[in-house]
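The values are calculated or read from the model by the stated rules, or taken from the named source; none is laboratory data. All values reported here derive from a predicted model rather than from experimental measurement. All Cβ positions, even for glycine, are placed from backbone atoms using ideal geometry, and neighbour counts span all protein chains on display. When the accessible area is computed, the model is the full protein with side chains, heavy atoms only, and any ligands, DNA or RNA have been set aside. Shrake-Rupley method; radii C 1.70, N 1.55, O 1.52, S 1.80 Å.
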Amino acid sequence: MFKSKALKYSFLFLFIASLGSAIWYAQLSNRHKAIVKTTFLHQTGLLDNKWDIEQGVKEYKMLSPTFLVDNIYKSMEGPKASNPVMLSKDSTVVWITGFKVSVEEATTGKKMSNDFICHLNVDMNDVKYYSYFGLENRIGKQYPRLTSLSHGMESFKFPEGFGIPMKGNDLLFVTTQTLNHNIKEANFKVKHRVSIDYQKGNALKPLMSKTAFIMLPYDQYDPYKSPIDPGADFCIPVETKNHSYDDGKGNKLSGHWVVPVGKNTYRSSINHQLALKDSLRLQAAAIHVHPFATQIMLYNKTLDKPVFISKITNHTKNIGLSKIESFTSTAGVWLYANQEYEIILEVNNTSTENQDMMGSMFLFFYDGEMDRILKDKKLISTTVK
């Protein structure tokens, strides 16, 4: 009798727990559902959760765990995974020269459309990174992301002769995420193939990375109220928990906002993000935008002219980005501390509903201070390997 009652209560408990879990899961956003689902599938072994590593002399290759694409996943909503990267087993300085990501079918390895790539983020530990080079004054001044590749820009190389230096056995952190704008009845298992190009030696000029992005004000007391002018006044944030910032005066800004149907232009100052104390020479820029963006530029407001313009090509038959133009220059373009800079983004939402948008740039400047430190402390060898 006792065992029968215990069994009965056990089943009742499991039923209530399962029902509660189902209700909780149903109320999650699409992004959080993907996190929960992917964690469950990887932890239970229902999907492969291993990163495959192939370390070459000049290229570090990674194959991600398996991702299940079973729904519409807009930017930053899809299944994702992260992994640490150590380019070398010793502390010899290496130079990062490029990044690449592609997508393939999980079982056969057959190449698939880049429409299943949301982004590849490459982050560093800025405390360890700058401490090694004696640049502690830079710690915490910038978000510690080296770069981000996304749909439309799946590969990026620095101009010839330039690279990002780092201690070889220091850690980078790679995160890759899936995307699916168009296939409603999706049921795909995919993997992302990631590669980081690098080399050893002193033949390169060091680059520093600065991240700049559009931030638009929103009404913190009624954030989802439609703005009078969506291009110049207040924006509607996609959400207020992520990519939300304070301007230092108590006003809220969003770096991830809603764009209405039709054409609009968005712009914001980036001087506080650049934090230029002196002139710096811009050598390269990687761009991150979402579908329906048509052009983005780094603009010199003081001189009333663009520093560079990136043209963006959208798919013609469905939602997606075919190409985002990068900026690279061996000669470089000078930016000055006493001039005003902003990012200007042009959008043409040709769909029939609101879409989400971001406008970001990963800007790479020649780092003269780092160059002197590398040579003075003899942290680099005299022969390229």
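Test GLN199 against the stated conditions and say whether it is more than 16 Å from CYS118 (Cβ to Cβ), open to solvent by 40 Å² or more (accessible area, probe 1.4 Å) and within 25 Å of the chain's Cα centre (by Cα). Against the criterion (more than 16 Å from CYS118 (Cβ to Cβ), open to solvent by 40 Å² or more (accessible area, probe 1.4 Å) and within 25 Å of the chain's Cα centre (by Cα)), GLN199 qualifies.
Do we have any residue at all in segment 40-51 that's within 28 Å of PHE116 (Cβ to Cβ), part of a loop (DSSP other than H, G, I, E, B), at pLDDT 85 or above and open to solvent by 80 Å² or more (accessible area, probe 1.4 Å)? Yes, the conditions are met somewhere in segment 40-51.
Here is the figure for segment 60-100: residues that are open to solvent by 50 Å² or more (accessible area, probe 1.4 Å) and assigned to a strand (DSSP E or B) total 6. Look at (1) part of a loop (DSSP other than H, G, I, E, B); (2) at pLDDT 95 or above; (3) within 14 Å of SER150 (Cα to Cα) and you find that VAL103 fails only one, number (1). When you look at THR302, is it open to solvent by 10 Å² or more (accessible area, probe 1.4 Å), touching a Lys or Arg at 6+ places or on another chain (Cβ under 8 Å), part of a loop (DSSP other than H, G, I, E, B) and not basic (Lys, Arg), yes or no? Against the criterion (open to solvent by 10 Å² or more (accessible area, probe 1.4 Å), touching a Lys or Arg at 6+ places or on another chain (Cβ under 8 Å), part of a loop (DSSP other than H, G, I, E, B) and not basic (Lys, Arg)), THR302 does not qualify.
When THR240 is tested against (1) surrounded by fewer than 21 Cβ atoms within 10 Å (Cβ to Cβ); (2) in contact (Cβ under 8 Å) with a residue 24 or more places away in the chain; (3) among the β-branched types (Val, Ile, Thr), exactly one condition is not met: (2). When VAL93, VAL85 are checked against the criterion of being touching a residue at least 60 places away in the same chain (Cβ under 8 Å), farther than 27 Å from ASP48 by Cβ and of a type in the set (A, V, I, L, M, F, W, C), VAL93 stands alone in meeting it.
Listed here are the residues, each with its yes/no results for (1) touching a residue at least 60 places away in the same chain (Cβ under 8 Å); (2) under 16 Å from GLY152 (Cβ atoms); (3) outside any strand (DSSP E or B); (4) open to solvent by 20 Å² or more (accessible area, probe 1.4 Å).
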residue: THR265; (1), (2), (3), (4): yes, no, no, yes
residue: HIS272; (1), (2), (3), (4): no, no, yes, yes
residue: LYS277; (1), (2), (3), (4): yes, no, yes, yes
residue: LEU282; (1), (2), (3), (4): yes, no, no, no
residue: THR313; (1), (2), (3), (4): yes, yes, no, yes
residue: ALA331; (1), (2), (3), (4): no, no, no, yes
residue: LEU345; (1), (2), (3), (4): yes, yes, no, no
residue: ASN348; (1), (2), (3), (4): yes, yes, no, yes
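Against the definition (in contact with a helix residue (DSSP H, G or I) (Cβ under 9 Å, 6 or more places away or on another chain), open to solvent by 40 Å² or more (accessible area, probe 1.4 Å) and either of a type in the set (Ser, Thr, Tyr) or modelled with pLDDT of 90 or more (or both)), how does ASN187 come out, yes or no? Spelling it out, it is not the case that ASN187 is in contact with a helix residue (DSSP H, G or I) (Cβ under 9 Å, 6 or more places away or on another chain), open to solvent by 40 Å² or more (accessible area, probe 1.4 Å) and either of a type in the set (Ser, Thr, Tyr) or modelled with pLDDT of 90 or more (or both).
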